Structures are given as structure tokens and as C-alpha cells.
Amino acid sequence: MLYLVPTPIGNLKDITLRAIEVLKEVDVILAEDTRTTSHLLNHYNISKPLTPYHQHNEHQVLKHLISQLLEGKKMAVVTDAGTPGISDPAFLLVRECIKVDIRVECLPGATAFVPALINSGIPSNRFCFEGFLPQKKGRQTLLKQLANEERTMIFYESPLRLFKTLEEFIIYFGEDRLCSVSRELTKLFEENKRGTLREVADYFKEKAVKGEIVIVIAGKD
């Protein structure tokens with residue numbers, strides 16, 4: 001049995017009762033960063049073995065994890081924040097579990113792009129999630145394609161690259177395209193900056209930015 005368990009994106013209270021229950025029942029927890037997960041588990045008095053599972057080792061440990069699951073182990077996958085599989089590892093393990101008929105359950109819970117989209121004031125009835133843009137190969141090609149996207153677009157970005165990325169969006173989407181940048185969601189210093197791409201880019205130009213970033217951009221009219 002494999003569980004995909006969402007964890008809080010900031011405020012530790014944003015976890016479901018069922019998630020806590022599952023984490024207490026499984027045999028082992030696969031964690032993106034065991035230090036981060038230990039902090040969450042200690043907060044809820046959960047004591048379970050932790051195994052590192054992240055983008056740098058997911059291929060190497062796949063066969064071992066599948067063999068453990070086939071032997072009857074119950075495992076939970078968690079990331080540092082949010083739902084596993086959304087810009088974080090999980091896909092390879094889920095796909096392999098399905099191939100060998102291991103049961104998989106994904107619990108509902110926190111995902112950063114949902115509150116960012118809803119509070120952006122940009123249409124949320126139709127949207128596409130792009131996650132992190134490629135850093136080099138394929139980046140310009142993708143941006144050219146997205147310039148004609150009519151649905152609302154959602155991106156993840158790091159604080160250090162935020163301004164540069166907003167400037168690129170201006171080049172491909174135009175400076176008057178509406179957007180919203182959300183950071184530190186659910187935390188004490190949560191911020192949601194809304195306006196045109198030019199207005200938002202100018203706001204963050206000289207600003208020291210911290211926390212995970214979600215960018216929501218209106219589709220082409």
C-alpha cells in the first residue's frame with residue numbers, strides 16, 4: 001500500500017486529520033528532506049522511520065521500494081511542502097506501483113498553486129499548471145508557445161529568479177498582461193502582489209524576496 005500524503009505549505013495546522021492518521025499507521029515514510037519532515041512529525045508526536053526520497057535518488061531506490069511494498073510494507077510519500085507529484089517526486093513510484101498492482105491512495109490536502117490561483121482575481125475556471133520553467137533547454141520555445149495560451153497560467157519560481165522571470169514574461173506576454181505573485185502562503189508574512197506584469201516586476205525589482213513563489217498570469221484575450 002502506497003499513500004501520497006500532502007503536508008502543510010507553511011502553517012503546520014494545515015494538515016488533515018486523515019493525513020496524521022495515515023502517517024501514524026504506515027511502516028515507513030519516504031521524505032524529500034528528512035530534517036523538514038522530522039520537524040512536522042515531532043510537532044504531531046509521530047515516530048516513524050524516515051527514508052530519503054527525492055529527485056536525485058528516485059530512480060536508484062525505485063526497485064527496492066517496490067520490493068518492500070510487494071512484501072506488504074505500508075509506505076507514505078511526503079514532500080517538504082504540498083502534495084507529492086506536484087513539482088516534486090512521486091510519479092515514477094506511482095507508475096511502477098500501478099504496473100505491479102500495488103494499491104495507491106492520494107489524500108487531498110495542501111497544494112500551493114490552489115490558494116494562489118483563487119486569490120489572484122484572475123479567472124480560475126480554466127487554467128494550466130506549468131510548474132517550474134526549464135532553466136535552459138526549451139525555455140524560450142515553451143514561452144513562445146504559452147504566449148498564445150488562452151487559459152490562466154500558473155508557474156512556480158525561486159525567489160532569486162523571480163524578477164528575471166517576470167521580465168521574460170513581459171517580453172513574451174506583454175507588459176499589460178494581468179498577473180499575481182504569491183509568496184509565503186499561509187505563513188505570517190504572506191504576500192499577494194497583483195497588477196500588470198510591468199507593475200509587479202517593478203515592485204519586486206529592488207525587493208529582497210524570500211519563500212516559495214507562485215506566479216499566476218492571465219491568458220491571452
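Overview of results
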{"read-out": "Point-to-point label distance, PHE129-ASN148, nm (Cα→Cβ direction, 7 Å offset)", "value": "2.6"}
{"read-out": "For segment 98-137 versus segment 29-86, the gap between their alpha-carbon centres in whole angstrom", "value": "20"}
{"read-out": "Simple label model, 7 Å out from Cα along Cβ direction - ILE86 to LYS73, nm", "value": "2.7"}
{"read-out": "Cα gyration tensor category, rounded, prolate or oblate, for segment 105-221 with a/c compared to 1.5", "value": "rounded"}
{"read-out": "Computed lengthening from LEU17 to LEU160, 0.36 nm per intervening residue step minus Cα-Cα distance", "value": "48.0 nm"}
{"read-out": "Square roots of 5 times each gyration tensor eigenvalue, C-alpha, the chain, largest first, Å", "value": "35, 19, 15"}
{"read-out": "Positive minus negative residues near TYR53 (Lys, Arg vs Asp, Glu; Cβ under 11 Å)", "value": "-4"}
{"read-out": "Contour excess over end-to-end distance, with Cα ends at THR51 and ASP176 and 0.36 nm allotted per residue", "value": "40.3 nm"}
{"read-out": "Residue of ARG151, ARG183, ARG161 that the Gaussian network model of the chain assigns the largest fluctuation, springs spanning Cα pairs under 10 Å", "value": "ARG161"}
{"read-out": "Relative contact order, percent, segment 113-217 [alpha-carbon distance under 8 Å, six or more residues apart]", "value": "34"}
{"read-out": "DSSP bridge orientation in the chain - percent antiparallel, rounded to nearest 5", "value": "50"}
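Since every read-out is calculated from the coordinates, none of them should be taken as a lab result. Bear in mind that the values here come from a model prediction, so they are computed numbers and not experimental data. Please note: Cβ atoms are built from the backbone with ideal geometry, for glycine as well, and neighbour counts cover all protein chains shown.
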